[in-house]
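Q: For reference, the structure I am asking about is given below.
Since every read-out is calculated from the coordinates, none of them should be taken as a lab result. Because the structure is a prediction, the values reported are computed rather than measured. We place every Cβ from the backbone using ideal geometry, glycine too, and count neighbours over all the protein chains shown.
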Amino acid sequence: MSTSTDAAAPGQGAEIEIKLALPAGSAGPLLRRLSAVPALARHRPVHQQVHNLYYDTSDQALRRQRAALRIRRLDGAGPSQWLQTLKTADAGLSALSRRGEWEVPVDGPALQQDALREAPPWRRLDPDGTLFAALKPCFSTDFERTRWTVRLRGGTAIEVALDVGQIVADGRTAPVCELELELLSGPPEALFRLAGQIARRVAVLPLSASKAQRGFALAQGVLDAPQRARPPVPPRRASLQALAVPLLSEMFDQFTANLHALLGADHPELVHQARVGWRRFRSALRLLGPGLAVPPPAWPGLQPLLDLLGELRDLDVACTQTLPTLQPAYVAGDARRALTWAAVEQSFRAAATLQRKAVRLALQEPLTGQALLGITHWLEALGAAPQVPAVPARRWARERVARLRLRWKKARRDAVDAAGQHRARLLAKRLRYNIEALRPLLPERAGRWHERASQQQADVGALRDTVQAGVLAARLEAPPEVLAFLRGVAAGLEPPAVPDDGV
């Protein structure tokens with residue numbers, strides 16, 4: 001589209017779309033399932049080959065301003081078309097993106113500075129032309145696009161595009177298999193209604209990262225790197241509603257981004273950070289939920305995936321931490337015992353490989369995608385809902401975190417057995433996650449609460465990991481002498497008492 005304003009409505013310098021990764025992969029079966037979606041079955045798809053070349057400066061000046069510039073070539077039934085596109089984005093973290101878009105036809109593959117000057121953001125980014133002079137190609141994307149234009153009642157129109165291909169950067173490649181639903185006219189709610197229809201037939205994974213963001217990550221060699229917590233700084237005078245949306249969105253994005261990376265990468269830290277993202281999300285939701293205007297959805301369809309992730313994390317911890325740490329004590333220079341231990345470690349690695357496959361299969365289940373899409377929709381509805389009365393976030397956060405700390409202290413005192421210690425550890429995690437998310441709003445003593453909670457989490461965690469390794473070893477039919485060794489080590493571990501903070 002060719003525009004010259006900063007307005008935020010479709011067709012006025014803006015792009016509103018939902019991005020959905022498609023874990024099930026292959027283009028042929030995906031196309032058949034999509035063509036069977038009632039809203040798409042009535043429309044003839046258009047097939048195109050799309051080649052994009054993205055530009056930026058050596059120090060990625062555009063990327064740092066959350067902007068992307070590309071030249072696109074479209075090949076289809078007729079002559080090739082060339083389009084130059086500038087996109088801008090805010091700091092939101094959602095599969096539903098609202099971005100500025102200024103797109104114009106051009107004569108060929110060269111950037112045209114005069115056309116860029118028609119876009120208001122470019123005049124702010126490059127007032128004197130020095131940025132344009134420093135632009136160079138950074139990476140490319142090549143994919144086959146199958147496109148449907150869906151027209152609904154009330155004048156709503158949505159373009160649905162299936163993109164299957166690859167990103168190429170400095171000799172590295174990464175697959176592209178995703179669905180974009182772009183709002184041409186009508187309310188954004190229509191995107192979620194259509195996405196819900198699609199998710200009933202095709203497994204989807206809400207994705208906040210654009211192709212441009214993934215391309216830059218690929219060029220830097222960090223495309224599938226684990227995404228860790230990046231809590232936004234909460235404004236001290238915000239309402240609870242204004243605080244909740246960016247906090248919960250960042251946590252949910254940590255969860256889904258690591259799930260997406262798990263589709264093609266095996267690093268155990270991806271599993272860990274996915275679970276951290278989910279636990280942060282659940283912990284914050286328990287803390288903030290009673291004050292929110294829109295109740296969160298249920299997600300029973302997500303539980304099988306969460307259970308599989310937990311089992312995989314236990315295996316990964318045993319493989320990478322517990323068993324290597326205990327190996328010297330068990331072997332003690334005995335060659336026969338070394339062989340026995342090596343066989344046990346191999347059985348754990350094989351089980352982890354199978355469990356990782358099970359996680360990927362769970363991501364290919366439509367029910368999983370429906371639950372993830374439902375949470376994405378809820379976060380958007382939460383951001384749009386008025387809150388009456390407006391609850392001051394600072395007061396609410398202090399009261400709720402103090403109450404959670406008292407619950408944790410009581411659980412610590414009552415932890416007389418392994419089950420009690422585990423309950424106290426889970427509360428310690430919740431306290432820690434919430435303090436990290438809300439730290440600027442909390443009193444100074446919350447730093448000491450965080451330190452004590454982290455200490456207990458680590459101490460009880462070491463005991464739990466050893467106990468769990470024994471449980472898994474029994475399930476994998478390890479030799480009796482290994483099981484006895486693991487039980488003995490666990491029995492000898494006694495978490496030190498966490499000193500009371502006195503406040």
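Q: In nm, what is the difference between 0.36 nm times the number of residues separating LEU74 and LEU493 and their Cα-Cα distance?
A: Stretched out fully, the LEU74 to LEU493 stretch lengthens by 144.4 nm.
Q: Over the chain, what is the relative contact order in whole percent, taking alpha-carbon pairs under 8 Å and six or more residues apart?
A: 14 percent
Q: Which helices, counted as full DSSP H runs in the chain, have an axial Cα extent of no less than 24 Å and a Kyte-Doolittle average of 0.0 or above?
A: 240-262, 335-363, 366-384
Q: Sticking with this structure for a sec: In whole Å, what are the Cα extents of region 14-223 along the three principal axes, biggest one first?
A: 51, 39, 37
Q: Just order 409-418, 204-213, 446-455 by mean Cβ neighbour count inside 10 Å, highest at the front, would you?
A: By packing density, highest mean first, the sequence is 204-213, 446-455, 409-418.
Q: Rounded to the nearest 0.05, what FRET efficiency is calculated for GLN346 and ALA418 with R0 set to 35 Å and r the Cβ-Cβ distance?
A: 0.75
Q: Can you work out the FRET efficiency for the pair THR320 and ALA242, with r the C-beta to C-beta distance and R0 = 51 Å, to the nearest 0.05?
A: 0.80
Q: Here is a follow-up. Add -39500 (n - 2.57) for each DSSP H run of 4 or more in the chain, then divide by its residues: what number comes out at 222 nm, to the nearest 500 deg cm²/dmol?
A: Theoretical 222 nm ellipticity from helices: -16000 deg cm²/dmol.
Q: For THR149, THR466, what ranking results if the residue with the fewest other Cβ atoms within 10 Å of its Cβ goes first?
A: With the fewest neighbours first, THR149, THR466 line up as THR149, THR466.
Q: Can you give the local net charge around SER97? Use residues other than it whose beta-carbon is closer than 13 angstrom to its beta-carbon, Lys and Arg +1, Asp and Glu -1.
A: Charge balance near SER97 sits at -3.
Q: Cut-off is 10 Å between beta-carbons; in what order do ILE18, ILE198, ILE375 appear when sorted fewest neighbours first?
A: Listing ILE18, ILE198, ILE375 from fewest to most nearby Cβ atoms yields ILE375, ILE198, ILE18.
Q: Right, next: What size of dipole, in debye to the nearest 20, comes out for the chain about its Cα centre when the only charges are +1 on Lys and Arg C-beta atoms and -1 on Asp and Glu C-beta atoms?
A: The dipole of the chain has a size of about 1640 debye.
Q: What lysines sit close enough to LYS211 to cross-link, taking a C-alpha to C-alpha distance under 27 Å and skipping anything fewer than 8 places away on the same chain?
A: Of all the lysines, those that pass the test against LYS211 - Cα under 27 Å, at least 8 places apart if same chain - are LYS19, LYS87, LYS136, LYS357.
Q: Across 10 Å bins from the origin, how do the percents of Cα pairs in the chain run, short distances first?
A: Spelled out per bin, shortest first, that is 4, 16, 24, 24, 17, 10, 4, 1.
Q: Estimate the FRET efficiency between ALA381 and GLN49 by the formula 1/(1 + (r/R0)^6), using the beta-carbon distance for r and 45 Å for R0, to the nearest 0.05.
A: After rounding to 0.05, the efficiency reads 0.75.
Q: In addition: Determine which lysines satisfy two conditions relative to LYS410: a Cα distance under 23 Å, and not lying fewer than 8 residues away in the same chain.
A: LYS429
Q: Subtract the Cα-Cα distance of ARG286 and LEU406 from 0.36 nm times their separation in residues, and report this length gain in nm to one decimal.
A: 41.7 nm is the gain from fully extending ARG286 to LEU406.
Q: Could you please rank GLU144, GLU477, placing first whichever residue has the fewest other Cβ atoms within 10 Å of its Cβ?
A: With the fewest neighbours first, GLU144, GLU477 line up as GLU477, GLU144.
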